[in-house]
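To keep things clear, I will list the structure first and then write my remarks on it.
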Amino acid sequence: MEAVRSNGTKYDCLLFDMDDTLYPLSLGINLACRRNIEEYMLHQLHIEEIEVPRMCLDLYKEYGTTMAGLKALGYEFDNDEFHAYVHGRLPYELLKPDPVLRNLLLSMPQQKIIFTNADRAHVAQVLSGLGLEDCFHGVICFETLNPPSEPVNCINRMDEKLPRSDIETKKNKDLSLKTQILCKPSVEAMEAAIRIANVDPKKTIFFDDSVRNIASGKAAGLHTVIVGRSTLVPGADYALNSIHNIREALPEIWEDEGEHLEQIIQPPAVETVVQA
Ligand SMILES: [Mg+2]
């Protein structure tokens, strides 16, 4: 991504999570998404019904997303098919245009980028529902962090010299590498996003509703804002009950550093007392 610099403020870039950050958790999209994932596990992967809710949550906690966890366990399924099943059937009609947030975003002088674990089609649906399609300079999503790779079905010349069992081991190793999903909250995903956005983490603010994403964002060197809470969590520099409170909590996003400096070094004005 082409970097945008020198807007005069303390920050160059604002990285925004999307789901439950740009709209509230109470809307119910998150709940509907979890139900769809559970249905996918039950009907498409044929996991025992009694196991599904606990497994869904455990994998989410352990691997960042349930999908990443399912892949790590060895379940084979098409990423696009999974996303179509889980996101394609969401009640997007619950999302309404948010002109307040739109005006706030458009007034921010920094480069603004979406950073989400979700797929590109879901991002398009959500931004369109909120009326924010033209408010961001870029999107870092599932496909950005996990580009489709070549199928692992060829054995190269070196491998031909290996005994059969070693070839199988290597193939399995390759396969397991291919099934690793890069996603938040891993610090590697944070660092990849910083690299792709081509930004200086010290001049970037990261907004997310997830406590663990905030912790790894801080570990990657970003300024951090937990959204959807009024109290700080470990690694958070700011807490915002709603993204709508951003101007009150972070006026420095709009403040010109130069102007601020002038205000500080300006000598106090001489008070003239006029007596009538
Ligand atoms: Mg979120």
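The values are calculated or read from the model by the stated rules, or taken from the named source; none is laboratory data. Just so we're clear, the structure is a prediction, and the values are computed from it rather than from any experiment. Here the Cβ is made from the backbone with ideal geometry for all residues, glycine too, and neighbour counts use every protein chain on show.
Residues are listed down the side, and each one gets a yes or a no for (1) touching a Gly at 6+ places or on another chain (Cβ under 9 Å); (2) farther than 30 Å from Asn245 by Cβ:
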| site | (1), (2) |
| --- | --- |
| Met55 | yes, yes |
| Ala68 | no, yes |
| Lys71 | no, yes |
| Asp80 | no, yes |
| Gly88 | no, yes |
| Pro99 | yes, no |
| Leu106 | no, no |
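A search for C-beta distances below 9 Å between a residue of the range 24-37 that is under 17 Å from Arg229 (Cα atoms) and any residue that is within 13 Å of the ligand (Cβ to nearest atom) and of a type in the set (Val, Ile, Thr), counting only pairs 6+ apart in sequence or on different chains, returns Pro24/Ile243.
Scanning the range 21-60 for residues that are charged (D, E, K, R) and crowded, with 18+ Cβ neighbours inside 10 Å yields one hit, Glu38. Among the helices (runs of 4 or more DSSP H) confined to the range 114-208, the ones with at least 1 residues that are modelled with pLDDT of 95 or more and away from the ligand (no atom under 15 Å from the Cβ) are located at 120-130, 142-145, 187-197.
Taking the residues in the range 209-221 that are of a type in the set (A, V, I, L, M) and part of a helix (DSSP H, G or I) as candidates, determine which candidate is nearest to the chain's Cα centre (by Cα). Here the answer is Ile214.
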